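Inspection log for the structure reproduced underneath, given as structure tokens.
The values are calculated or read from the model by the stated rules, or taken from the named source; none is laboratory data. Bear in mind the structure is a predicted one, so any value in this text is a computation, not a measurement. Because the Cβ atoms are built from the backbone with ideal geometry, glycine has one as well, and the counts that use them run over all protein chains shown.
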Amino acid sequence: MNSPALESFAIRTSELTRQFGSLTAVDHIGLNIPYGEIFGLLGANGAGKSTVIKMLTTLLSPTSGTAEVGGFDIIRSPADVRRRIGYVSQLVSADGTLTGYENLRLSAKLYGLPKAERGTRIADALDFMGLADSAHKLVRTYSGGMIRRLELAQAMLHRPAILFLDEPTIGLDPVARRTVWDRLLDLRRDYGMTVLITTHDMEEAEELSDKLAILHAGQISVVGEPAELRAGLGADATMDDVFVHYAGGLIHESGTFSEVAQTRRTAHRLG
Amino acid sequence: MERFIRESAAIVEVELIKLVRDPTEIISRAVQPLLWLLVFGQVLAQVRGIHTGQLSYLEFITPGILAQSVLFSAIFYGIAVIWERDLGVVHKLLVSPALRSSLVFGKAVAAGFRGLVQAVVIYLIAFIMHVSLSLDPLKIFAVLAAVMLGSGIFATFSLIIACIVKTRERFMGIGQLLTMPMFFASNAIYPLDIMPGWLRVIAQINPLTYLIDALRGLMITGGESVHGYLVDFGVMLVVFAALLFVAVKLYPTLAE
Ligand SMILES: Nc1ncnc2c1ncn2[C@@H]1O[C@H](COP(=O)(O)OP(=O)(O)OP(=O)(O)O)[C@@H](O)[C@H]1O
Ligand SMILES: [Mg+2]
């Protein structure tokens, strides 16, 4: 196993920091995520998960520190970073007034997929996500699970090396959630995609991630493999114990009203 | 350049799909100009208090009302952008490698097409009300160009405001606060030369004035542009370019 992937990381951050006024949402974070890994980013509401993702996807500039995504600096070469990543935001980013197909066609054009390939790529993505039959229905009529799958289809259409998923399964029923997990595992298997996923769902974290980090108040309180983290807390510790131990208490403790409202709205719209 | 056009066209395309799919908003916007022309225009024409040269009062305000409906429908473009931000659509567009300028320009052009719908509506109303419209194809083409340019200006202006205020509530307040004064401080319903000096100064830096001036010359038989078309279109192009420049800088902050 002397592949160059061992030396080069899909995502590297160093002292990555973001402040909002006097609040330090992300506090000197260092992460090294190798290519091909599914990496879970966990933490209570307001811990800073979305802020990390927004910086890595070039939507938000850091206050200090640096990060490289796909080998490119997020500040100096944002356009190169964007070409190599896919992103599903915590909000519902599919356009409800368009059909699934139209949403995908817009992405295909914005990502500059060659005209000759567009049709097959879109058809493949729809098939892969199990949406072929609903391709020409308005997204507004989709179920929460279908919307999430469409957003994944949009995010992977240009075969990015790295996918950023911000709470992709929030508000989904167990079956829909399972489908999203299976598709993610397929993507990693078929294309070797690196995935950075945030979640509150400990079962999801354990099921999917090779490694995970728990954020607390903008700082990383622990990084490790799920089993390793559990073992560290005693023989019969559960993932929930791991979360409570490292994330600084109950899940909703540090969420402000607006964040909770935002999450609920998202969940409501999806559900 | 090819890329800029392709990306902008992609944005325009989805906006047009939405427009065609749900035309209720644009149709409801046609009610207001109808009232202005039918009620305000007719009443003030009876009063004969405003000297409008060789044009009848109704002829005088028809271009003004078109410009008004262009202004009002474009200015609420910002609301749609804020809505897209709340939904996360803006984030999706901004993580794509598309040029930020294509995204902003695409929106402006789409607003231009909405403006064209307004133009068609006003032409129909004016025609029914026996306003003597000029039907010279070249002039009609120039009217449509002016309407698109004007729509682009006000939509981009509105986008800038949306980027600054970021919430729907604040936008609604500011939208009202800006549009009415912009309308009254223009040559839409009275000529520049009957305005008090201070108002005329404001009217002369108001891009709406130049849109109306061009429309007045182009739409109505016997109408003329006071500033000349070169000045009218020149001012509009410069304003549009400046607004686009600012909007391209601010649009990415919507995703923060
Ligand atoms: N644009 C912003 N302006 C001001 N404060 C912000 C902004 N974005 C995030 N914050 C604050 O930064 C902190 C981290 O927020 P972030 O959204 O990253 O948390 P999160 O871990 O994703 O939470 P959740 O699980 O609720 O999604 C919170 O206290 C939040 O209020
Ligand atoms: Mg979040």
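Some points to look at:
- Scanning the range B:234-256 for residues that are surrounded by fewer than 18 Cβ atoms within 10 Å (Cβ to Cβ), of a type outside the set (A, V, I, L, M) and closer than 26 Å to B:Pro137 by Cβ yields a single hit, B:Gly234.
- The set of residues in the range A:60-87 that are crowded, with 24+ Cβ neighbours inside 10 Å and either within 16 Å of ligand 2 (Cβ to nearest atom) or under 17 Å from A:Ile197 (Cβ atoms) (or both) comprises A:Val69, A:Ile85, A:Gly86, A:Tyr87.
- Test result for B:Phe127, aromatic (Phe, Trp, Tyr) and farther than 30 Å from B:Gly88 by Cβ: yes
- As a summary of the residue check, A:Ile214 satisfies the conditions (1) under 18 Å from B:Gly88 (Cβ atoms); (2) within 16 Å of ligand 2 (Cβ to nearest atom); (3) buried (at least 22 other Cβ atoms within 10 Å of the Cβ); (4) β-branched (Val, Ile, Thr) except for the one numbered (1).
- Inclusion of A:Arg118 among residues that are away from ligand 1 (no atom under 16 Å from the Cβ), among the basic types (Lys, Arg) and within 14 Å of the chain's Cα centre (by Cα) is not warranted.
- Here A:Lys137 passes the criteria (1) buried (at least 22 other Cβ atoms within 10 Å of the Cβ); (2) modelled with pLDDT of 95 or more except the one numbered (1).
- Residue among A:Asp173, A:Asp133, A:Asp201, A:Asp166 that is of a type outside the set (Val, Ile, Thr) and free of Cβ contacts under 8 Å to residues at least 12 places away in the same chain: A:Asp133
- Residue-level check: of (1) touching a Ser or Thr at 6+ places or on another chain (Cβ under 7 Å); (2) at positive phi, A:Arg159 misses just (1).
- Identity of the residue in the range A:153-194, within 16 Å of ligand 2 (Cβ to nearest atom) and surrounded by fewer than 22 Cβ atoms within 10 Å (Cβ to Cβ), that ends up modelled with the lowest pLDDT: A:Gly171
- Close contacts from the range A:47-62, counting a first residue that is free of Cβ contacts under 8 Å to residues at least 60 places away in the same chain and among the small types (Gly, Ala, Ser) and a second that is more than 7 Å from ligand 1 (Cβ to nearest atom) and assigned to a helix (DSSP H, G or I), with Cβ to Cβ under 7 Å and a gap of 6+ residues or different chains, come to none at all.
- Residue, nearest to the other protein chains (Cβ to nearest Cβ), within the range B:90-148, restricted to residues that are in a helix (DSSP H, G or I) and hydroxyl-bearing (Ser, Thr, Tyr): B:Ser102
- Filter result for B:Arg170 (surrounded by fewer than 18 Cβ atoms within 10 Å (Cβ to Cβ) and not aliphatic (A, V, I, L, M)): yes
- Count of the range B:83-132 residues, restricted to those that are closer than 20 Å to A:Thr58 by Cα and either hydrophobic (A, V, I, L, M, F, W, C) or under 22 Å from the mean Cα position of the chain (by Cα) (or both), is 13.
- Hits in the range A:89-120 (condition: of a type in the set (A, V, I, L, M) and more than 7 Å from chain B (Cβ to nearest Cβ)): A:Ala94, A:Leu104, A:Ala108, A:Leu113, A:Ala116
- Any hit, the range B:59-82, residues being without any contact (Cβ under 8 Å) to a residue 40 or more places away in the chain and within 14 Å of another protein chain (Cβ to nearest Cβ): yes
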